[in-house]
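Engineer: Following this message is one structure expressed as structure tokens.
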Amino acid sequence: MVAHILRLRLALLLGAFRGDPQKVTRGVVGALLLLAATVAACWALLGVQESSSAAVGAITVFCGATLTLAFALAPIVAAVTDPLDPRRFRVFALAPEPLAGALALAGLLSVPVLGLVALVACAAVVWVAAGATVVAAIMAAIIGVATCVLFARVSLGVAGIIFGDRRSRELSGLLLVTVLVIVVPVGVFLASLDWRGTVPGPLQQVVDILSFTPIGAAWAFPLLFTRGDASGVLALLIALGTVAALGFAWLALVRHFLSSIEKPLTTRERGGLGWFSVVPGTPGGAVAARSLVYWLRDRRYLVNTLVIPVAAVATVVPLLIAGVPANVAALVPILFVALFFGWLPHNDLAYDSTAIWMHVASGLRGLPDRVGRLVPILVIAIPVLAIGIPISVALHGRWAIAPAIVGVCASLFFSGLGLSSIASAASPYPVTPPGESPFQQPQRTGSSGAVPQALVMLGSLAVSAPSLWWTWLALTRTIEAASLALWVGVATGLVVLVAGVAIGAAVFTRRTGRIMEFAEAS
Amino acid sequence: MTAVAGAPVDPALEAALESITASETRDEVDETVVPEADETEAADDSVADDSLVDVSVTADSVDSAQSAVATIDGSTDLVSVEAEDAMPEPALVLRDIRKSFGDLQALDGISLEVPVGSFYGIVGPNGAGKTTTLSIVAGLLRADSGEITIAGVDAAAKPVAAKRLMGVLPDRFRTFDRLTGRQLLYYYGALRGLPPAEVERRTIDLARAFDLTESLGRVVSDYSAGMSKKIMLAGALIHSPRVLVLDEPFEAVDPVSSAAILDILQAYVAHGGTVILSSHGMELVERVCSRVAVIVAGSLVAEGSIDEVRGEVSLEERFVELVGGAGELEGLEWLHTFSD
């Protein structure tokens, strides 16, 4: 059976190069890119041979752990369909143990794993050059590859169980954004470290921890053995334990898949709902999904969102002209981004135009309406801030200021959302109706909206004043004020957000009649 | 609802009650008043186990303390619950509703009663206040004064409970038309608090009934006027309301679709639902409605069964008479001599 499945796997692999020319081209280009990346990575890896043993250890452990993590997460994020899904073998009445083994073995035969094998071979060479024994290097290579392959299998299986058929492009997009939110700051941080000759202190600390985790142990033990203490044995045990645990998990998954069937209804019915299939099936979840569709599809929202980064960066120019030092000016745009993002939904309700009748007629309560409407801005703004803050701080040059910037951004953004929640229910003002050009001025019959606009913006600046003050202190006098700015900022932001949503909800529930009159009039 | 144990036992009733309690626990009914069996005065209407109507029992049977089960007509697919000694609670009562927009007095003391199970038409000339009346009934606008009672629920005191009893189809309002048809129906259902699986099941049924199955994947803004009307009507039905409030439901709908919609509405009324609609089409109102109200300049000028209102003549003639006639054609003499 093992031979059968391996042959099947090989046929699937070669099948990627047959059929639809477009698909084949994509497959070939992908494989070539991967090949190029592997060659480059191998080249770079062999290049560190000359470095010190510590540097080799740090680099191989860090990169190895990252790769392992990628193998564990990629199947969840990328929503791939596994051609060798154990569920497809259900009809053959196979015993789970041999099937699990054969499928894990077949997992070796994939393009990414082949690239991994090449890389690991180079790593083994480097380890030996750095003083590890040949036996240890070969063992580490085998255990490492096994860990990656089993991780990929298990997370494919788990993803199948968790997401089932709720899998959608939207969910994959969200997960990808989440990964970016984590990867970019880390990358920016690493790039800004001081690499001259030695391993930077913070990286060494990270590596010391990674060496004894399931994702890093396999890559760490060959060189830890050269130290002569028990740490090498410990890492080896962790690595072996990881493989064993993953093996058992995989076996359990195969057994589960072979002995259970999913509810057949879901696929058909969940189809075509887009964001609605990602959110919980409550009124608030539905409002969130509807808002997400509009924020990502309606030009009026898109224009608003896209203007923000441009406007924020533009603020730097006058500051520089006025003689503000460049490293301080580098911190300003991200604060404006946070402020504008918090301010953005202050008239969200008006964008619905008369369609708001659906909320009113269904007796929707204020809270699900308010909370649901904030979801898209959170989904958009948090990644932008998470990526923008490290870049700003890196441009500024001093990482100790980072907590203060996080604090001020949290304060500006969340308090802005809180105040916006009140403003959009209490005093909506006319906007361009759906479907018209976002640049067209609406026919204004009532107020022009200057008051709520100004109140929300000035209000969020006012409540953020303490956090801004401590940030200023951290910049100019004592850096210790940075952590104070962080906590004060986060606390103010969350308090104003919760209070604002609660008040906004009460206002919405109470003012539905007025809101409809406004919608009809504008 | 276990207190109904005093009533005669019947398998069909038990099944109906089970579905009632099941849907009750799903909805968040906090002010639950369990009616005592011996206090039963009136059972206000019939309960169908049709999928369109099965949730409608919940809010009302809980909120109006009067409603309870008295006698059972246990046919297999229709559990008819009839009144024992009192008149059934009307589906809608309006008392002296007034509404003004600035200087314009839109409604000047409208009072009317819509009995349960009726197909009620509201007619009137343009700008008479039909849409305003229906908007106030639907809870979209607030009246300046007056009382509204929906199936025994005071709309001013319990707006959420009252809204739960109604399905609404407004005429001039937009809908969230960037959603696909499927998403829009899901949105209707989810806003009403239905569980997702139930919404999806009903979406399929409604799409089939309204002949929209092929279009569910398309964005609603690409729909024709008639199709958007149909999907909004489907959305109004998705939580199986007790009362349907429809503003101009047949405008822009082709004859085939409008016949299909009429079939659905008539089946709904036959199973105890109440339809209140406004229309310009006198012929249609005359054909399908059981009762009619004529509103002119914000006041009710005639109300009653079709026969009572029209008397000897057709409804259209009677309507023109009530509104004040077309008047003599004056001041347009130049139109009678052509300029070329």
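The values are calculated or read from the model by the stated rules, or taken from the named source; none is laboratory data. None of the values given here were measured: they were computed from a predicted structure. Neighbour counts are summed over all protein chains in view; Cβ atoms, including those assigned to glycine, are modelled from backbone coordinates with ideal geometry. Areas reflect the complete protein model, heavy atoms only, side chains present, ligands, DNA and RNA absent. Shrake-Rupley method; radii C 1.70, N 1.55, O 1.52, S 1.80 Å.
Engineer: In region B:245-256, how many residues are buried (at least 20 other Cβ atoms within 10 Å of the Cβ) and either outside any loop (DSSP other than H, G, I, E, B) or among the polar types (S, T, N, Q) (or both)?
Structural biologist: We begin by selecting, within region B:245-256, every residue buried (at least 20 other Cβ atoms within 10 Å of the Cβ); these are B:245-250, B:253.
Then keep just the ones that are either outside any loop (DSSP other than H, G, I, E, B) or among the polar types (S, T, N, Q) (or both); that gives B:245-247.
Qualifying residue count, region B:245-256: 3.
Engineer: In addition: Criterion first (under 30 Å from A:Pro433 (Cβ atoms), out of contact with any helix residue (DSSP H, G or I) (no Cβ under 8 Å at 6 or more places or on another chain) and exposed (fewer than 15 other Cβ atoms within 10 Å of the Cβ)) does B:Asp222 satisfy it? Break it down into steps so the answer makes sense when it comes.
Structural biologist: Details: under 30 Å from A:Pro433 (Cβ atoms): yes; out of contact with any helix residue (DSSP H, G or I) (no Cβ under 8 Å at 6 or more places or on another chain): yes; exposed (fewer than 15 other Cβ atoms within 10 Å of the Cβ): yes.
Taking the combined requirement at face value, the residue satisfies it.
Engineer: Could I ask something else about it? Here is a list of conditions, (1) modelled with pLDDT of 90 or more; (2) open to solvent by less than 10 Å² (accessible area, probe 1.4 Å), and B:Arg95 meets all of them except one; can you say which number that is?
Structural biologist: (2)
Engineer: Which one of these does A:Leu251 not meet: (1) under 30 Å from A:Ala100 (Cβ atoms); (2) among the hydrophobic types (A, V, I, L, M, F, W, C); (3) surrounded by 18 or more Cβ atoms within 10 Å (Cβ to Cβ)?
Structural biologist: Failing condition for A:Leu251: (3).
Engineer: While we're here: Of all residues in region B:164-175, how many are facing chain A (nearest Cβ under 7 Å) and among the charged types (D, E, K, R)? Break it down stepwise before answering.
Structural biologist: Here is the first cut: in region B:164-175, the ones facing chain A (nearest Cβ under 7 Å) are B:164, B:168, B:170, B:173-175.
When the remaining residues are screened for being among the charged types (D, E, K, R), the result is B:164, B:174.
Number of matching residues: 2.
Engineer: Given the conditions (1) of a type outside the set (Asp, Glu); (2) open to solvent by 30 Å² or more (accessible area, probe 1.4 Å); (3) in contact (Cβ under 8 Å) with a residue 40 or more places away in the chain, report the number of the one that A:Ala40 does not fulfil.
Structural biologist: Checking A:Ala40 against (1) of a type outside the set (Asp, Glu); (2) open to solvent by 30 Å² or more (accessible area, probe 1.4 Å); (3) in contact (Cβ under 8 Å) with a residue 40 or more places away in the chain, the one that fails is (3).
Engineer: Return the pair list, or none, for Cβ contacts closer than 7 Å from residues in region A:508-521 that are more than 8 Å from chain B (Cβ to nearest Cβ) to residues that are among the acidic types (Asp, Glu) and part of a helix (DSSP H, G or I), at least 6 apart or on different chains.
Structural biologist: A:Phe508/A:Asp369
Engineer: Mind listing whichever residues of region B:195-227 are among the acidic types (Asp, Glu), without any contact (Cβ under 8 Å) to a residue 24 or more places away in the chain and more than 10 Å from chain A (Cβ to nearest Cβ)? Give the steps one after another, and end with the answer.
Structural biologist: First, the residues of region B:195-227 that are among the acidic types (Asp, Glu): B:198, B:200, B:205, B:211, B:214, B:222.
If we keep only those that are without any contact (Cβ under 8 Å) to a residue 24 or more places away in the chain as well, we get B:198, B:200, B:214, B:222.
Passing the criteria: B:Glu214, B:Asp222.
Engineer: Only one residue in A:Pro403, A:Pro383 is assigned to a helix (DSSP H, G or I) and over 18 Å from A:Tyr301 (Cα atoms). Which one?
Structural biologist: Details: A:Pro383 fails: over 18 Å from A:Tyr301 (Cα atoms).
Only one candidate passes the filter, namely A:Pro403.
Engineer: Can you tell me which of B:Glu303, B:Glu317 is open to solvent by 60 Å² or more (accessible area, probe 1.4 Å), outside any helix (DSSP H, G or I) and farther than 19 Å from B:Asp205 by Cβ? Give the steps one after another, and end with the answer.
Structural biologist: Details: B:Glu317 fails: outside any helix (DSSP H, G or I).
After ruling out the rest, the residue left standing is B:Glu303.
Engineer: Which is away from every other protein chain (no Cβ under 14 Å) and at pLDDT 90 or above, of A:Gly323, A:Gly342?
Structural biologist: Details: A:Gly323 fails: at pLDDT 90 or above.
Being away from every other protein chain (no Cβ under 14 Å) and at pLDDT 90 or above holds for just one of A:Gly323, A:Gly342, which is A:Gly342.
Engineer: Name the residue that is farthest from the other protein chains (Cβ to nearest Cβ), counting only residues in region A:487-501 that are out of contact with any Ser or Thr (no Cβ under 8 Å at 6 or more places or on another chain) and open to solvent by less than 60 Å² (accessible area, probe 1.4 Å).
Structural biologist: Selected residue: A:Ala491.
Engineer: Would you confirm whether any residue within region B:227-243 is over 24 Å from B:Glu200 (Cα atoms) and open to solvent by less than 30 Å² (accessible area, probe 1.4 Å)?
Structural biologist: Step one: filter region B:227-243 for residues over 24 Å from B:Glu200 (Cα atoms), giving none.
Scanning region B:227-243 turns up no residue that is over 24 Å from B:Glu200 (Cα atoms) and open to solvent by less than 30 Å² (accessible area, probe 1.4 Å).
Engineer: Which of the residues that make up region B:274-296 are assigned to a helix (DSSP H, G or I), in contact (Cβ under 8 Å) with a residue 60 or more places away in the chain and over 17 Å from B:Asn126 (Cα atoms)?
Structural biologist: So in region B:274-296, the residues assigned to a helix (DSSP H, G or I) come out as B:282-288.
Then drop every residue that is not in contact (Cβ under 8 Å) with a residue 60 or more places away in the chain, which leaves B:282, B:285, B:288.
Hit for region B:274-296 is B:Val288, nothing else.
Engineer: So which residues in region B:108-148 are more than 14 Å from every other protein chain (Cβ to nearest Cβ), open to solvent by 20 Å² or more (accessible area, probe 1.4 Å) and under 21 Å from B:Asp171 (Cα atoms)?
Structural biologist: B:Pro125, B:Asn126, B:Gly127
Engineer: Starting from residues that are without any contact (Cβ under 8 Å) to a residue 12 or more places away in the chain and small (Gly, Ala, Ser), keep the ones in region A:201-228 and report whichever is surrounded by the fewest Cβ atoms within 10 Å (Cβ to Cβ).
Structural biologist: A:Gly228
Engineer: Something else about it: Only one of these is open to solvent by 40 Å² or more (accessible area, probe 1.4 Å) and either within 12 Å of chain B (Cβ to nearest Cβ) or acidic (Asp, Glu) (or both): A:Arg297, A:Arg290. Name it. Even if it seems obvious, please write down each step before you answer.
Structural biologist: On the way: A:Arg290 fails: open to solvent by 40 Å² or more (accessible area, probe 1.4 Å).
One residue alone meets the criteria, A:Arg297.
Engineer: On the given criteria, is A:Ser353 polar (S, T, N, Q) and modelled with pLDDT of 90 or more? Write out each step before concluding.
Structural biologist: Numbers: polar (S, T, N, Q): yes; modelled with pLDDT of 90 or more: no.
Taking the combined requirement at face value, the residue does not satisfy it.
Residues are listed down the side, and each one gets a yes or a no for (1) farther than 21 Å from A:Val145 by Cβ; (2) open to solvent by 50 Å² or more (accessible area, probe 1.4 Å):
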{"position": "A:Leu10", "(1), (2)": "no, yes"}
{"position": "A:Gln22", "(1), (2)": "yes, yes"}
{"position": "A:Val29", "(1), (2)": "yes, yes"}
{"position": "A:Leu35", "(1), (2)": "no, yes"}
{"position": "A:Val56", "(1), (2)": "no, no"}
{"position": "A:Val61", "(1), (2)": "no, no"}
{"position": "A:Arg90", "(1), (2)": "yes, yes"}
{"position": "A:Glu97", "(1), (2)": "yes, yes"}
{"position": "A:Gly107", "(1), (2)": "no, no"}
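Engineer: If you check A:Pro403 against the conditions, is it free of Cβ contacts under 8 Å to residues at least 40 places away in the same chain and either away from chain B (no Cβ under 14 Å) or closer than 22 Å to A:Gly416 by Cβ (or both)?
Structural biologist: Working: free of Cβ contacts under 8 Å to residues at least 40 places away in the same chain: no; either away from chain B (no Cβ under 14 Å) or closer than 22 Å to A:Gly416 by Cβ (or both): yes.
No.
Engineer: Mind telling me which of the residues A:Thr471, A:Thr478 ends up being among the polar types (S, T, N, Q) and either open to solvent by less than 50 Å² (accessible area, probe 1.4 Å) or touching a strand residue (DSSP E or B) at 6+ places or on another chain (Cβ under 7 Å) (or both)? First the steps, then the outcome.
Structural biologist: Working: A:Thr478 fails: either open to solvent by less than 50 Å² (accessible area, probe 1.4 Å) or touching a strand residue (DSSP E or B) at 6+ places or on another chain (Cβ under 7 Å) (or both).
Among A:Thr471, A:Thr478, only A:Thr471 is among the polar types (S, T, N, Q) and either open to solvent by less than 50 Å² (accessible area, probe 1.4 Å) or touching a strand residue (DSSP E or B) at 6+ places or on another chain (Cβ under 7 Å) (or both).
Engineer: Can you name the residue in region B:176-193 that is more than 8 Å from chain A (Cβ to nearest Cβ) and either touching a Phe, Trp or Tyr at 6+ places or on another chain (Cβ under 9 Å) or open to solvent by 50 Å² or more (accessible area, probe 1.4 Å) (or both) and is also nearest to A:Ser291 (Cα to Cα) among such residues? Step through it out loud before you land on a result.
Structural biologist: Filtering region B:176-193 down to residues more than 8 Å from chain A (Cβ to nearest Cβ) leaves B:181, B:184-185, B:189.
Filter again for either touching a Phe, Trp or Tyr at 6+ places or on another chain (Cβ under 9 Å) or open to solvent by 50 Å² or more (accessible area, probe 1.4 Å) (or both), leaving B:181, B:184.
Values: B:Gly181: 16, B:Leu184: 12 Å.
Residue satisfying both the conditions and the ranking: B:Leu184.
Engineer: With respect to A:Gly372, is the statement that it is touching a residue at least 12 places away in the same chain (Cβ under 8 Å), in a helix (DSSP H, G or I), surrounded by 23 or more Cβ atoms within 10 Å (Cβ to Cβ) and within 14 Å of chain B (Cβ to nearest Cβ) true? Before you say what the answer is, go through the steps one by one.
Structural biologist: Working: touching a residue at least 12 places away in the same chain (Cβ under 8 Å): yes; in a helix (DSSP H, G or I): yes; surrounded by 23 or more Cβ atoms within 10 Å (Cβ to Cβ): yes; within 14 Å of chain B (Cβ to nearest Cβ): yes.
Considered against the rule, which asks whether it is touching a residue at least 12 places away in the same chain (Cβ under 8 Å), in a helix (DSSP H, G or I), surrounded by 23 or more Cβ atoms within 10 Å (Cβ to Cβ) and within 14 Å of chain B (Cβ to nearest Cβ), A:Gly372 comes out as yes.
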